[in-house]
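Below: one structure, written as structure tokens.
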Amino acid sequence: MSFVTRRVTCCFCFENLTMSAVLHKSGTAATGNHAAVCPRCGHNLPHNIGRVAQPVVVLVGARSSGKSQFLAVLINHLREQVCRRLNAAIRQQSDDTEQRYQQLYHRPLYENHTLLAATPRSELPLPLIYRLQLPRWHWGRGWLTRSLNLVLFDTAGDDWRHENEIARYQRCLLHASGIIFLLDPSEFPGLRGRLPDAAKGEWENPDHILARIINLFECQCSVKNGQIQVPVAFVLSKLDTLHSLLQHSPLLSTENHHAGGVDCAGIERLSAEVKSYLQLWKGGNLINLAEHMLAQHAFFAVSSLGHPPQGQQVTNITPLRVEDPLLWLLYQWKYLRRI
């Protein structure tokens, strides 16, 4: 099959397209230049679309769960430290991605030292797209390609409150390769009353958000053997607000060192630790739903900033384990090995 007749999916609107249609729209089919534009939504597509994998990660969580802070710090941490430890490289797929990352995430947080504003509601947010080049390694049946376009969707927390609002993310979720579900500690009834007022976000039951996502997949017949097959990383965020409650816990002191691969044993130990605390904090139904309805899931605990902000001011960002959820997803997709 020739390159121009392969089918691809637009990473903006998720329309299924033939490469011949994409190239015709961009007016470059005759030249052999594979710069592409989606004929449905008009967005510029990655120049290597159809030639590398394009996993989609959707960030889910209530308004106060810290999704935007997490994404801002994750990208910076991948660039500054994590990729070097993995012998990998990351770069923006286009100037548009870099301009939006700088304007919406990096500049406010790292240069202006202020917390990011809540993500505004939109019909479907524009993704940040990054090219990841990972070390080649043997998975048991030969050498696999190590390049991919990582498509990251930040979402508005207000949109997860009702079924009708979640529907705007239907195409995004049904094409997701992985979900990162952020959990604000103050969302758990057994913990909310023990936190200072400054650490309490707007309350939204995470069980209800997960139930709405499950219902959406079931309505679209996107389940197998009664379970959703998309791996879900549950991320307890704002770990820095829990120092007084977790003084002797490995959640505060342990950092997994993913040198050349994924420390799966460390992730599994911390996942069990997070679940034990969520049970204490009356989060048992969330765990039960995950175990029954999700084929692949794990629990994580992170601090994006490293310490609580002073009002809206942020200084000396020292993240803890923000890379773990994404590296676990890369392992689930067989792009990184277990170490």
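Taken over the range 127-164, the criterion of being in a loop (DSSP other than H, G, I, E, B), at pLDDT 70 or above and not basic (K, R) is satisfied by P127, L134, P135, D154, T155, A156, H162. None of V314, V262, V235 is at pLDDT 95 or above and either within 20 Å of L195 (Cβ to Cβ) or not polar (S, T, N, Q) (or both) except V235.
Here Y110, Y169 are screened, and the one residue that is buried (at least 16 other Cβ atoms within 10 Å of the Cβ), more than 23 Å from G261 (Cβ to Cβ) and assigned by TED's automatic domain parsing to the domain that holds I317 is Y169.
I need the full set of residues from the range 147-163 which are within 19 Å of L74 (Cβ to Cβ) and aromatic (F, W, Y), in order please. If the condition is that a residue be within 19 Å of L74 (Cβ to Cβ) and aromatic (F, W, Y), then F153 is the only one that fits. Can you find a residue in the range 220-227 that is surrounded by 14 or more Cβ atoms within 10 Å (Cβ to Cβ) and part of a strand (DSSP E or B)? Yes; the residues of the range 220-227 include at least one that is surrounded by 14 or more Cβ atoms within 10 Å (Cβ to Cβ) and part of a strand (DSSP E or B).
Quick check on T119: is it at pLDDT below 95 and under 26 Å from H43 (Cα atoms)? Considered against the rule, which asks whether it is at pLDDT below 95 and under 26 Å from H43 (Cα atoms), T119 comes out as yes.
Restricting attention to the range 267-297, the residues being assigned to a helix (DSSP H, G or I) and either more than 17 Å from H248 (Cα to Cα) or not assigned by TED's automatic domain parsing to the domain that holds E323 (or both) number 13.
The values are calculated or read from the model by the stated rules, or taken from the named source; none is laboratory data. For clarity, every value in this text was computed on a predicted model and none was experimentally measured. Virtual Cβ from ideal backbone geometry, glycine too; neighbours counted across all protein chains shown.
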